[in-house]
Amino acid sequence: MLQYSVAITDVYKRVPRQVVLYVGSPLLKMPGAYEWEFGIARYTLIDIRDLDGDALLASPSPSDNVLGILAGLTERPRSVRILVGKLAKLDTHESASYARALLILAGLRPGLAPELEKAMTYQFDPAILENEVLGPIYREGERAVLRRLIERRFGPVPDWAETRLATLSSEEVDDISARILDAQSLEQLFQK
């Protein structure tokens with residue numbers, strides 16, 4: 001922050017008022033100033049969790065909405081569903097861009113990624129499978145759920161079945177998922 005302040009002051013001949021918006025997962029512990037033997041440089045620290053996430057979610061701006069997921073929310077699961085529903089209504093390119101940012105931000109909050117995955121499964125248009133960014137993520141999520149079901153039903157998944165799982169289309173995943181309770185063996189499950 002001291003380096004930024006000096007550089008900005010040098011270029012614009014004015015001392016900036018600096019604000020740090022902290023978005024990290026651990027609690028904010030850094031000091032709000034940098035001290036050295038000849039002085040002190042102060043800046044304002046704001047933990048995004050102290051901001052009103054519900055207000056950000058209510059904003060007409062998708063950027064505000066996405067950032068709101070990191071802020072203080074009264075009910076996160078409901079807020080996640082609302083946010084994903086808003087993103088699903090955007091055009092495909094915009095929706096993919098904001099969803100990508102949202103998935104990155106999800107890594108900053110424990111438990112948020114599974115909530116997003118569940119909400120995205122129900123909210124996004126089926127055309128998402130054709131999206132170059134979100135399509136592969138969605139299909140991998142489908143295969144991961146099927147893998148867990150297979151493990152619960154038949155035990156560890158052998159290499160040949162893993163190879164087959166990796167190549168399944170969404171339609172094949174749906175078909176196999178519907179047959180998992182009736183199949184007597186993995187071989188029978190994967191028969192066409």
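A few remarks follow.
- Selection from the range 1-54 of residues that are closer than 22 Å to residue 109 by Cα and part of a helix (DSSP H, G or I): 48, 49, 50, 53, 54
One line per residue, one yes/no per condition, for (1) aromatic (Phe, Trp, Tyr); (2) surrounded by 15 or more Cβ atoms within 10 Å (Cβ to Cβ); (3) under 33 Å from the mean Cα position of the chain (by Cα); (4) within 23 Å of residue 94 (Cβ to Cβ):
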position	(1), (2), (3), (4)
3	no, no, yes, no
10	no, no, no, no
35	no, no, no, no
44	no, no, yes, no
55	no, no, yes, yes
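- Boolean, residue 63 is out of contact with any helix residue (DSSP H, G or I) (no Cβ under 9 Å at 6 or more places or on another chain), closer than 30 Å to residue 135 by Cβ and among the small types (Gly, Ala, Ser): no
- Of the listed requirements (1) under 25 Å from residue 137 (Cβ atoms); (2) loosely packed, with under 14 Cβ neighbours inside 10 Å, residue 102 misses just one: (2).
- Residue ID - nearest to residue 136 (Cα to Cα), chosen from residues in the range 149-172 that are modelled with pLDDT under 85 and assigned to a helix (DSSP H, G or I): 170
- Residue 41 meets each of the listed conditions (1) under 23 Å from residue 115 (Cβ atoms); (2) not assigned by TED's automatic domain parsing to the domain that holds residue 101 apart from (1).
- Candidates 80, 23, filtered to the one that is in contact with a helix residue (DSSP H, G or I) (Cβ under 9 Å, 6 or more places away or on another chain), under 26 Å from residue 117 (Cβ atoms), at pLDDT 90 or above and surrounded by 12 or more Cβ atoms within 10 Å (Cβ to Cβ): 23
The values are calculated or read from the model by the stated rules, or taken from the named source; none is laboratory data. All values derive from a computational prediction rather than experimental measurement. We place every Cβ from the backbone using ideal geometry, glycine too, and count neighbours over all the protein chains shown.
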